[in-house]
Amino acid sequence: MSIGQIAIGRNRGYRKRLSKLGLLGWLAVFVLFIFGVIAIFGSALAPHDPNKIDLAYSYVGPIPGHPLGFDELGRDLFSRLLVGARTSLIGPIVLVISTTLIGTSIAILAAWRRGWTDAGLSAGVDIAVAFPGLLLAILLSTVFGASLWVAIAALTLAYTPSLARLLRSSALRETGMDYVKALKVLGFSDSQIIFKHLLPNLAPFIIAQAIIMFGYATLDLGGLSFLGIGVQPPTADWGTMVAAGASGLLQGYPTQTLAAGSCLVLTALSFAVIGDRLARIWGVE
Amino acid sequence: MSTPLIKVSNLSKQYGDLLAVADVSFELPPSGSIGIVGESGSGKTTVAKILVGLERATSGKIEVEGQDWSLPAKNSKERRERAKYLQIVFQDPYSSLDPRQSIGTALREALSISMKDSDEVIVRASELADLVGLPQRILELRPAKLSGGQRQRVAIARALASNPKALILDESVAALDVSIQAQILNLLVDIREQTGIAYILVSHDLAVVRHFADSLIVMKNGNVVERGQTEAVMDQPNHEYTKLLLASVPGPGWVPGKRSI
Amino acid sequence: MSLVEIESFTLDVQVVEASARVIHEVSFKLEAGQSIGIVGESGSGKSLTLRAIAGLSPENSVVGGKISFQGEEVSAMDRERLMQYRSSQVAMIFQDPRSAINPVRKVGDFLTENVVTNLGWSKSDAKTKAIEVLTEVGISNPEKQLKAFPSELSGGMLQRVMIASNLLCQPDLLLADEPTTALDVTTQSSVMALIDQLRLSRGMAMIFVSHNLELATAVCDKILVMYAGRIVELLPAENLREKSRHPYTRALLDARPRLDGRQNRLNAIPGQPASGLEWTQGCTFAARCAFAQDICRSEVPVLRKIQESDVACHRADEIDWDVS
């Protein structure tokens, strides 16, 4: 029993253990760093105008100065890939932030108030989890018209319940800790305890969840763009590029779909790996 | 008896069909000590939680220096006001401190409720550490680096930050090693001598209650089955349940009882 | 041949990439039908010693010395033999019965699983026997309880089920690790009475690990006091109160508040309980001991026989406990 007590210590030097990300973890960080740089400086880095149409070059393969060749409208693929990084990454960022904010609020409210509040919110969450996100997205886009923001709103509604459910159980565990009760008795207000103690202690868990969610968000938003519900042409975006490339795919020109698709998958995979590693490092499931 | 510091009258708590606390009354004089004795399910901890406002009583009255405390504090101002009267130390030393906070930060935070001057807070935090017998260097450390006994000292120091008139000890020494338990019990006696604080001792451990409490109530299934001065009750218990409790404690010549459940 | 023989048992565990010794040269014998209580504070190594006898040492640890059961070395048993040993010759009861019993399976399945899968009993035989042992541990209406889930039973009842499961196959040795610590005092008393009575009627030997000296004394023939991974004293249980010689044993007895009268202050032992990891040149208890002298800080005391006790203390024969 003494050994257990020595080894168990929550958050014990977890910053030091960040070095335990592993080769794969660091590779993922590197990939995301590169994509981040591209997202910020993409339009400056792009060698050509990503929206310049020249039908003469339709589906032309790589030639000097155009390393990936051209798409069906004769636009430079490499430039579109670089410029598309921004829309492709901003969508998931907004989606993850909105989901995390709403999901965390619901979880904490339920765990803090318990009783009827918890029962009501949990019932609502259970119903919402059962509702398919894709259907919701299609529904919203027919009502409000297709745009990136509608896709984000739909996916936020789809993601929030499951996140809220996950966070609720850890929030319940944390609010059950004696230190939370002691702080109440010491005279601290609910908001002081929640913001200064509860949230910082839940942070590793929330962050790990958010990062894992980032991967799904990239793929799902890409998927919605592919279906024409998300980003609208001619804006360069990896999801729409996969979609636009689909017709070329059948005609034997897979480059556009493959290039944009690999970027999406690589991003999603990197986030998943990092989220998983962080969760392990922080000792949360 | 002088006017009581805390007066509890006909306190009851209902959870669904279960009557967890049934018509419990007792008084705690200033600088006095009362033991609430019982086993799991007796309702002793529920009484403690109601007193500090962590649970809401179904009925009954709580008065602290004449103020009505029957309901939990309505707002933060009232919560802060009540903090100056009554504090609590819980059983589990491993969950009673925020793992992310250093001991010094935790103490200074608790002090900041009643003290505005930051220099004064720092001085008082180190005084509190002295009072509970913790070396100053411990203020820099996080709870994970401390032993169970040291954490319990921190929890006591933190509870004393608001200079309360009474302290509830909810099985506060039950999870500690025998040698550490004795240290903490001695510490609590010393603190009482220095500050005149009153104690409500919630415990299943009759020896600890005998050592510590002037009077006691014995609870079973939410009801008070026996009450009186500690010496009198322990030397001549009247209720069958009190007798059974006393007979169940291992000691010289003790043989385990062959009672069926 | 003794039932259990432990010779120079040591345990090294992996702590942050280094190996460290937590149990130091523990040796004792247990005869058939005898009971020994191992008492100590956290870090004393009492539970690790008990688990090693069942071949249940932590995964990242190395066992040294010799632990044998009926002359057979536990560390030499292969997987199959170890399974057989654990399922039919030794029985274990843990502190928290709730975590030792699968919550989604019925009490009856839990009781009969071992004998049916490991010992090849028929299901109906196992059920008949299960009802018999449940009755024996004082559970009324056993047929009904067989169909109950663990969550429907109180902690005391569950510990009885635990005990009953160990009686099915007539073990020679009962290993009890703080079996009543999680229970209420009145329940503790009745569960201990049950263990005691079953042990005596079946002639089982027992090793009883507890932090509670009084409790161990009441149900054991011998008391073995451990501190920081070493044995500090081994003596007949009836001698504990009056004739124990190690300052630590005395200090432990003295530190508890008394039920029969009130003292002003308790005789607390200063400092923290040490674990076996803490390395000192001399006696590990010296730092907390009121009688420590220079020799205590420079030389590790070995167990030596003084009258009926084995004591590891340099000053054991000098201190006059009747005076101090």
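The values are calculated or read from the model by the stated rules, or taken from the named source; none is laboratory data. This structure is a prediction, so every number in the text was calculated from the model and none was measured. Cβ atoms come from the backbone with ideal geometry, glycine included; neighbour counts cover every protein chain shown. Each accessible area value is taken on the protein alone, full model and side chains, heavy atoms only, with ligands, DNA and RNA left out. Shrake-Rupley method; radii C 1.70, N 1.55, O 1.52, S 1.80 Å.
For segment C:26-47, which residues satisfy the criterion of being of a type in the set (Ser, Thr, Tyr), in a strand (DSSP E or B) and under 14 Å from the mean Cα position of the chain (by Cα)? Spell out the reasoning first.
So in segment C:26-47, the residues of a type in the set (Ser, Thr, Tyr) come out as C:27, C:35, C:42, C:44, C:47.
Narrowing further to those that are in a strand (DSSP E or B): C:27, C:35.
Scanning segment C:26-47 gives a single hit, C:Ser35.
On the basis of being assigned to a strand (DSSP E or B) and either open to solvent by 50 Å² or more (accessible area, probe 1.4 Å) or within 13 Å of chain B (Cβ to nearest Cβ) (or both), does C:Val191 make the cut?
So C:Val191 fails the test.
Quick check: is even one residue across segment A:188-206 touching a residue at least 12 places away in the same chain (Cβ under 8 Å), more than 14 Å from every other protein chain (Cβ to nearest Cβ) and not hydrophobic (A, V, I, L, M, F, W, C)?
No.
Can you name the strands (runs of 3 or more DSSP E) wholly within segment B:1-104 that have at least 2 residues being touching a helix residue (DSSP H, G or I) at 6+ places or on another chain (Cβ under 6 Å)?
Per the criteria, B:18-28, B:33-37, B:86-89.
Which of the residues belonging to segment C:195-212 are touching a helix residue (DSSP H, G or I) at 6+ places or on another chain (Cβ under 6 Å) and open to solvent by 10 Å² or more (accessible area, probe 1.4 Å)?
C:Asp196
Return the only residue of B:Val173, B:Val233 being more than 11 Å from every other protein chain (Cβ to nearest Cβ) and free of Cβ contacts under 8 Å to residues at least 60 places away in the same chain.
Only one candidate qualifies: B:Val233.
Would you mind finding the one in A:Phe271, A:Phe214, A:Phe195, A:Phe205 that is open to solvent by 50 Å² or more (accessible area, probe 1.4 Å) and assigned to a helix (DSSP H, G or I)?
The conditions single out A:Phe195.
Could you list all residues from segment C:214-225 that are open to solvent by 10 Å² or more (accessible area, probe 1.4 Å) and at the interface with another protein chain (Cβ under 8 Å from one of its Cβ atoms)?
Within segment C:214-225, C:Glu214, C:Thr217, C:Ala218 qualify.
A quick yes/no check of all residues on (1) surrounded by 21 or more Cβ atoms within 10 Å (Cβ to Cβ); (2) over 30 Å from C:Val300 (Cα atoms):
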{"residue": "C:Ser19", "(1), (2)": "no, no"}
{"residue": "C:Gly37", "(1), (2)": "yes, no"}
{"residue": "C:Thr49", "(1), (2)": "yes, no"}
{"residue": "C:Val90", "(1), (2)": "yes, yes"}
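Going by the conditions given, is B:Arg142 out of contact with any helix residue (DSSP H, G or I) (no Cβ under 7 Å at 6 or more places or on another chain), modelled with pLDDT of 90 or more and within 24 Å of C:Gly43 (Cβ to Cβ)?
Yes: the conditions hold for B:Arg142.
Quick check: is even one residue across segment B:176-190 open to solvent by 40 Å² or more (accessible area, probe 1.4 Å), more than 7 Å from every other protein chain (Cβ to nearest Cβ) and closer than 21 Å to B:Lys49 by Cβ?
There is no residue in segment B:176-190 that is open to solvent by 40 Å² or more (accessible area, probe 1.4 Å), more than 7 Å from every other protein chain (Cβ to nearest Cβ) and closer than 21 Å to B:Lys49 by Cβ.
Quickly run through segment B:85-106 and pick out the residues that are under 30 Å from B:Gln67 (Cα atoms) and open to solvent by 30 Å² or more (accessible area, probe 1.4 Å).
Residues satisfying the conditions are B:Tyr85, B:Gln91.
Just to be sure, is C:Glu5 open to solvent by less than 80 Å² (accessible area, probe 1.4 Å), touching a helix residue (DSSP H, G or I) at 6+ places or on another chain (Cβ under 9 Å), in contact (Cβ under 8 Å) with a residue 12 or more places away in the chain and acidic (Asp, Glu)?
Here the answer is no, as C:Glu5 does not meet what is asked.
Considering only residues that are open to solvent by 10 Å² or more (accessible area, probe 1.4 Å) and either in a loop (DSSP other than H, G, I, E, B) or facing chain B (nearest Cβ under 10 Å) (or both), which ones fall in segment A:175-184?
Correct list: A:Gly176, A:Met177, A:Asp178, A:Lys181, A:Lys184.
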